[in-house]
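Remarks on the structure that follows.
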Amino acid sequence: MTLPVNRTGSTKERILGAAETLFAQRGFDGASLRQLTSAAGVNLAAVNYHFGSKEKLVEQVFRRRLDTLNAQRLAALAKVAGQPDTRLEDVLDAFIRPALELSHEDEGSLFMRVLARAFAEHDDGLRKFLSENYGHVMRQFTAEFARLLPRLSKEELYWRIDLATGALTHAMSGFGIIQRKSDVSERAHREQTVQHLIRFAAAGLNAS
């Protein structure tokens, strides 16, 4: 399939937008630089000038979304972390809500497919990049979950967090059997998803 050429926005943004679309559709190995430059309406020199390599381009595609997402998550967590009246649901809200809000944006939903590709394709270099640059976010949430669930061993807590994160990823993908009804607004549907997922994750994390 030939992608329409994007001629709006800065050269760098056009390249990032085309890369995000191609990576979501064809994967990181399946999307060639020739296809990317054609879709962005630029030449190869522009890619090299702004990013240096395809690997660096991939990293910038992630930074463009994850820097903002995780800043929002940490800001929300800072409001509740360490407080005596903080509930498990409060921490889950800080983790879940920003991600679901991103996934319900037009460009955000596309990025969720890119993120899924990163794990499905077992790209060790990309996983290392994500761990080194964003691992601190998960560590801060894990520390707060551990404070609220002191009876759980470290291993058991990790299992439960991993499964809860998997449920979030599934909800963000939009491929589930629960779809928005025609008489329900996008905002209302997103809030329903947030609340159902918080209750589900809280029950799993706090199970006996």
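Using 28 Å as the Cα-Cα cut-off, could you pick out the over-long pairs in 54/128; 12/128; 128/181; 54/154?
128/181; 54/154
Go through 158, 49 and list them by solvent-accessible area, largest first, probe radius 1.4 Å.
Highest to lowest solvent-accessible surface, that is 49, 158.
Under a plain spin-label model, where a point goes 7 Å from the Cα along Cα-to-Cβ, how far apart in nm are residue 79 and residue 33?
4.5 nm
Solvent-accessible area per residue for the chain at a 1.4 Å probe radius, Å²?
Here the per-residue accessible area is 57 Å².
With a ≥ b ≥ c the root eigenvalues of the C-alpha gyration tensor of segment 125-208, is it rounded (a/c under 1.5), prolate (a/b larger than b/c) or oblate?
Cα axes put segment 125-208 in the oblate bin.
Under the 0.36 nm per residue contour assumption, what length would be gained going from the current alpha-carbon distance of residue 46 and residue 208 to full extension?
Stretched fully, the residue 46-residue 208 segment lengthens by 52.7 nm.
Given the Cα-Cα distance of residue 55 and residue 165 and 0.36 nm per residue of separation, how much length would full extension add, in nm?
37.0 nm
Angle between the Cα long axis of helix 154-173 and the longest principal axis of the chain, 0 to 90 degrees, nearest 10?
Tilt relative to the chain: about 50 degrees.
So what does the Cα-only Debye profile of the chain read at q = 0.09, 0.19 Å⁻¹, as log10 I(q)/I(0), no solvent term?
Debye curve over Cα of the chain, log10 I(q)/I(0) at q = 0.09, 0.19 Å⁻¹: -0.41, -1.36.
So for 138, 172, what's the accessible-area order with a 1.4 Å probe, most first?
Most to least solvent-accessible, the answer reads 138, 172.
Please determine, in degrees from 0 to 90 and to the nearest 10, the orientation of helix 54-78 with respect to the longest principal axis defined by the Cα atoms of the chain, where the helix direction is its Cα long axis.
Once rounded, the angle reads 30 degrees.
Could you give the angle, 0 to 90 degrees to the nearest 10, between helix 124-148's Cα long axis and the longest principal axis of the Cα atoms of the chain?
Here the helix axis deviates by roughly 20 degrees.
Taking all protein chains as present, what is the carbon and sulfur share of the accessible area of segment 62-205, in % to the nearest whole number, probe 1.4 Å?
54 percent
Mind putting a number on the dipole of the chain about its Cα centre? Charges go on the C-beta only, +1 for Lys and Arg and -1 for Asp and Glu, and I need it in Debye to the nearest 20.
That gives a dipole near 240 debye.
For the chain, the longest stretch holding no trypsin sites (Lys or Arg not before Pro) located in a DSSP loop with at most 14 other Cβ atoms within 10 Å is which?
For trypsin sites (Lys or Arg not before Pro) (loop position, at most 14 other Cβ atoms within 10 Å), the longest site-free span of the chain is 8-78.
The values are calculated or read from the model by the stated rules, or taken from the named source; none is laboratory data. Owing to the predicted nature of the structure, the values given are computational and were not obtained by experimental measurement. Every residue, glycine as well, gets a Cβ built from its backbone with ideal geometry; the counts of neighbours run over all protein chains shown. Only protein heavy atoms, including side chains, enter the accessible area calculation; ligands, DNA and RNA are left aside. Shrake-Rupley method; radii C 1.70, N 1.55, O 1.52, S 1.80 Å.
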